[in-house]
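A.B. asks: Take a look at this one; I'll ask things after.
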Amino acid sequence: MATPHIEAEPGDYADVVLMPGDPLRAKYIAENFLDDAVQVNGVRNCLGFTGTYKGHRISVQASGMGIPSLSIYTNELATIYGVKTIIRVGSCGGMAAGVKLRDVLLASGSTTDSAVVTNTFGHGVHYAPLANFELLDTAYHVAKEQGVDVKVGDIFAADRFYNDELDMKKLADYGVLGTEMESAGLYLLGAKLGFRALSILTVSDLIFGEGKTTSEEREKTFNDMITIALETAIA
Ligand code: HPA
């Protein structure tokens, strides 16, 4: 029962899926964090794996970049493969004052300029896509226990990576912590299709500031984020 984008058989995915944007991140997570991981998808190199973490069955599936790509995979995982929980593990550009490189952010909600959300409702409705609170609450406490500097708030899911028309400063002044390109779509589909959704993000760059991280620092932060996601998944 393959789909146009996923060649896995029914039952190949666990109930819980970690979802990075980058397929090679999916492979890294499977190889470094899961036991007995097997590849379940390779269509378009948008890699998916299933293995176990501390004895619990967990999958990892890449989303690709942007709401349209993520929506394809989340739709098929939820409706065809019966996935119940999707935790995005991604990167973002830091925006609000006080957000630093390598911070871990939990998206309690996701503002967006995406027509996908507007067009779902029409009639001037600006739906607020929100995280599943149970996952959010668990991830927050897991992060605190791990001593990770975690911040919780709004994430702007941009329709375009390159956009010089948007007032990003105004969004930051209204408390938006960071920007990426997927979370609002994930939360919208979680609400529509009934799966639990959460985005956990590391700050890889700063929209208004300068700064660089070494590859070791990025790896450490990424690993912290994956551990938070996995411990949340099995809690
Ligand atoms: N913009 C959009 N997506 C991103 C960014 C950004 O600055 N950084 C990481 N993902």
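A.B. asks: Among the residues of segment 4-50, which ones are polar (S, T, N, Q) and crowded, with 19+ Cβ neighbours inside 10 Å? First the steps, then the outcome.
C.D. replies: Filtering segment 4-50 down to residues polar (S, T, N, Q) leaves 32, 39, 41, 45, 50.
Within segment 4-50, 41, 50 qualify.
A.B. asks: Another question, then. With (1) part of a strand (DSSP E or B); (2) away from the ligand (no atom under 13 Å from the Cβ); (3) among the basic types (Lys, Arg) as the list, and residue 88 as the residue in question, which single condition is left unmet?
C.D. replies: Every listed condition holds for residue 88 apart from (2).
A.B. asks: Still on this structure, please answer the following. In segment 103-118, what count of residues is obtained for those that are of a type outside the set (A, V, I, L, M), touching a strand residue (DSSP E or B) at 6+ places or on another chain (Cβ under 6 Å) and within 16 Å of the ligand (Cβ to nearest atom)?
C.D. replies: As a first pass, look at segment 103-118 and keep what is of a type outside the set (A, V, I, L, M): 103, 108-114, 118.
From the residues that got through so far, the ones that are touching a strand residue (DSSP E or B) at 6+ places or on another chain (Cβ under 6 Å) too are 103, 108-112.
Applying the additional criterion that residues be within 16 Å of the ligand (Cβ to nearest atom) yields 103, 110-112.
Going through segment 103-118 one residue at a time, the tally reaches 4.
A.B. asks: Out of all the residues in segment 117-135, is one or more over 24 Å from residue 70 (Cα atoms) and crowded, with 16+ Cβ neighbours inside 10 Å?
C.D. replies: no
A.B. asks: Please give the number of the condition residue 173 fails out of (1) within 16 Å of the ligand (Cβ to nearest atom); (2) more than 23 Å from residue 223 (Cα to Cα).
C.D. replies: Unmet condition: (1).
A.B. asks: Could you list, in sequence order, the residues of segment 202-235 that are outside any strand (DSSP E or B), under 12 Å from the mean Cα position of the chain (by Cα) and within 16 Å of the ligand (Cβ to nearest atom)? Step through it out loud before you land on a result.
C.D. replies: Kept after step one, since they are outside any strand (DSSP E or B), are these residues of segment 202-235: 207-235.
Within this subset, residues satisfying the condition of being under 12 Å from the mean Cα position of the chain (by Cα) are 225-226, 229.
Residue satisfying the conditions is 225 alone.
A.B. asks: Are any residues in segment 176-198 small (Gly, Ala, Ser) and within 16 Å of the ligand (Cβ to nearest atom), and if so, which ones?
C.D. replies: So in segment 176-198, the residues small (Gly, Ala, Ser) come out as 178, 183-185, 190-191, 194, 197.
178, 183, 184, 185 - these are the residues of segment 176-198 that are small (Gly, Ala, Ser) and within 16 Å of the ligand (Cβ to nearest atom).
A.B. asks: Could you grab the pairs with beta carbons closer than 7 Å, sequence gap of 6+ or different chains, first residue in segment 213-224 and under 20 Å from residue 143 (Cα atoms) and modelled with pLDDT under 85, second one basic (Lys, Arg) and part of a helix (DSSP H, G or I)?
C.D. replies: Going by the 7 Å Cβ cut-off, there are no qualifying pairs.
A.B. asks: Restricting to segment 20-57, give me the number of residues that are out of contact with any Phe, Trp or Tyr (no Cβ under 9 Å at 6 or more places or on another chain), in a loop (DSSP other than H, G, I, E, B) and more than 18 Å from residue 182 (Cβ to Cβ).
C.D. replies: Residues in segment 20-57 being out of contact with any Phe, Trp or Tyr (no Cβ under 9 Å at 6 or more places or on another chain), in a loop (DSSP other than H, G, I, E, B) and more than 18 Å from residue 182 (Cβ to Cβ): 3 in total.
A.B. asks: I would also like to ask the following. Looking at 83, 17, 60 in this structure, which one is part of a loop (DSSP other than H, G, I, E, B), more than 16 Å from the ligand (Cβ to nearest atom) and within 16 Å of the chain's Cα centre (by Cα)? Walk me through how you get there before you give the answer.
C.D. replies: On the way: 17 fails: part of a loop (DSSP other than H, G, I, E, B); 60 fails: part of a loop (DSSP other than H, G, I, E, B).
The match here is 83.
So that you can scan it fast, the table gives a plain yes or no per residue for (1) within 20 Å of residue 229 (Cα to Cα); (2) out of contact with any strand residue (DSSP E or B) (no Cβ under 6 Å at 6 or more places or on another chain); (3) within 12 Å of the ligand (Cβ to nearest atom):
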site	(1), (2), (3)
126	no, yes, no
152	yes, no, no
159	no, yes, yes
200	yes, no, no
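A.B. asks: Here is a follow-up. I need the full set of residues from segment 63-80 which are within 15 Å of the ligand (Cβ to nearest atom), of a type outside the set (A, V, I, L, M), in contact with a strand residue (DSSP E or B) (Cβ under 7 Å, 6 or more places away or on another chain) and assigned to a helix (DSSP H, G or I), in order please. Write out each step before concluding.
C.D. replies: The first filter runs over segment 63-80 and keeps only residues within 15 Å of the ligand (Cβ to nearest atom), leaving 63-70.
Applying the additional criterion that residues be of a type outside the set (A, V, I, L, M) yields 63-64, 66, 68-69.
Cutting the leftovers down to in contact with a strand residue (DSSP E or B) (Cβ under 7 Å, 6 or more places away or on another chain) gives us 63.
The answer is none; no residue qualifies.
The values are calculated or read from the model by the stated rules, or taken from the named source; none is laboratory data. Everything numeric in this text was worked out from a predicted model, so none of it was measured. Heads up, the Cβs are rebuilt from the backbone with ideal geometry, glycines too, and the neighbour counts pull from every protein chain shown.
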